[in-house]
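Structure, as structure tokens:
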Amino acid sequence: QKEVEQNSGPLSVPEGAIASLNCTYSDRGSQSFFWYRQYSGKSPELIMFIYSNGDKEDGRFTAQLNKASQYVSLLIRDSQPSDSATYLCAVNSFYGGSQGNLIFGKGTKLSVKP
Amino acid sequence: DAGVIQSPRHEVTEMGQEVTLRCKPISGHDYLFWYRQTMMRGLELLIYFNNNVPIDDSGMPEDRFSAKMPNASFSTLKIQPSEPRDSAVYFCASSRSRGYTFGSGTRLTVV
């Protein structure tokens, strides 16, 4: 069974620090990797996607992918209290991630303290 | 664009009753997904459609659950009869490329 594993947290970081969120996946054939943010009581929203090994930066967010280690991470620089949410890692066996089953981890709860 | 629209936002029903959840995907999106989220199990895919055709319903927990997509702009998820263990947040999502866009969800409580 395809699985996506995340540390449930909570991960607590001070405002302005770097938050590092990690995810491992079991299906070596996975092609697309996504990070969603979910505020309490709200729906998940897509914040980053990555398809190739290496780093991808978007503003304060950097996604890192290592397919050999089956590992994907999300770094949040200059963390703000508004970043406090649950971060869901999701993996798809199709390139692009629009089709097929997007398998989600259970999420890591991040708390940014002022 | 109004995004993915789900209704109702909240539903409280008694065990044994029929429940129907509704979803309007984003126009032009050709994939539609129904997910269920609980604290214990996280987000689980129930079923997904491509161009209104069901592709994978292996996540549907049992025959009490059924889903339809009669056209590109509407889908329903029906539970009959409902049970307390069906209590969860049900999300609809649609996609054309690069991940999914989720609706606001329906919080279902079966008492």
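Just a few scattered comments:
- A:Gln80 versus A:Glu3: modelled label distance in nm, points set 7 Å from Cα along the beta carbon direction: 3.7
- With the convex hull constructed from alpha-carbon coordinates only, chain B shows a mean projected area of 6.4 nm² over all directions.
- Note on B:Asn52 and A:Asp27: with the Förster distance fixed at 22 Å, the Cβ-Cβ geometry gives a FRET efficiency of about 0.20.
- Relative contact order of chain A, defined on C-alpha pairs under 8 angstrom at six or more residues apart (%): 38
- Cα extents of chain A along the three principal axes, largest first (Å): 41, 29, 21
- Think of each Lys and Arg Cβ as +1 and each Asp and Glu Cβ as -1; about the Cα centre, that makes the dipole of region A:1-68 roughly 120 debye.
- Inverse of mean 1/r across different Cα pairs in region B:35-97, Kirkwood, Å: 12.5
- Taking every Cα-Cα distance in region A:1-56 and sorting them into 5 Å bins starting at zero, the pair-distance distribution P(r) comes out as 4, 12, 20, 27, 22, 10, 4, 1 percent.
- Semi-axes of the equivalent ellipsoid for region B:61-111, computed as √(5λ) from the eigenvalues of its C-alpha gyration tensor and ordered from largest down, come to 23, 14, 9 Å.
- Cα centroid separation - region B:55-111 against region A:33-49, whole Å: 19
- Relative exposure of A:Lys109, A:Lys42, judged by other C-beta atoms within 10 Å (fewest first): A:Lys42, A:Lys109
- If a spin label sat at a point 7 angstrom from the Cα of B:Met40 along the line to its beta carbon, the backbone N atoms of region B:59-91 nearer than 12 Å would be those of B:84-88.
- The protein assembly as shown - charge dipole about Cα centre, Lys and Arg +1 at Cβ, Asp and Glu -1, debye rounded to 20: 220
- Cα Rg, Dmax (largest Cα-Cα span) when computed across the protein assembly as shown, Å: 17.6, 51
- Fewest neighbouring Cβ atoms within 10 Å first, the residues B:Thr38, B:Thr106 line up as B:Thr38, B:Thr106.
- Taken about its Cα centre, chain A carries a charge dipole of about 160 debye when Lys and Arg each add +1 at the Cβ and Asp and Glu each add -1 at the Cβ.
- Percentage relative contact order, region B:55-111, counting C-alpha pairs under 8 Å, at least six apart: 26
- Normalised per residue, the volume of the convex hull around the Cα set of region B:1-50 (Å³): 112
- The ranking of A:Arg77, B:Arg9, B:Arg36 from fewest to most other beta carbons within 10 Å of each one's beta carbon is B:Arg9, A:Arg77, B:Arg36.
Quick note: the coordinates plus some simple rules give every number you see, no bench work behind them. All values reported here derive from a predicted model rather than from experimental measurement. Reconstructed Cβ throughout: ideal geometry from the backbone, glycine too, with neighbour counts over all protein chains shown.
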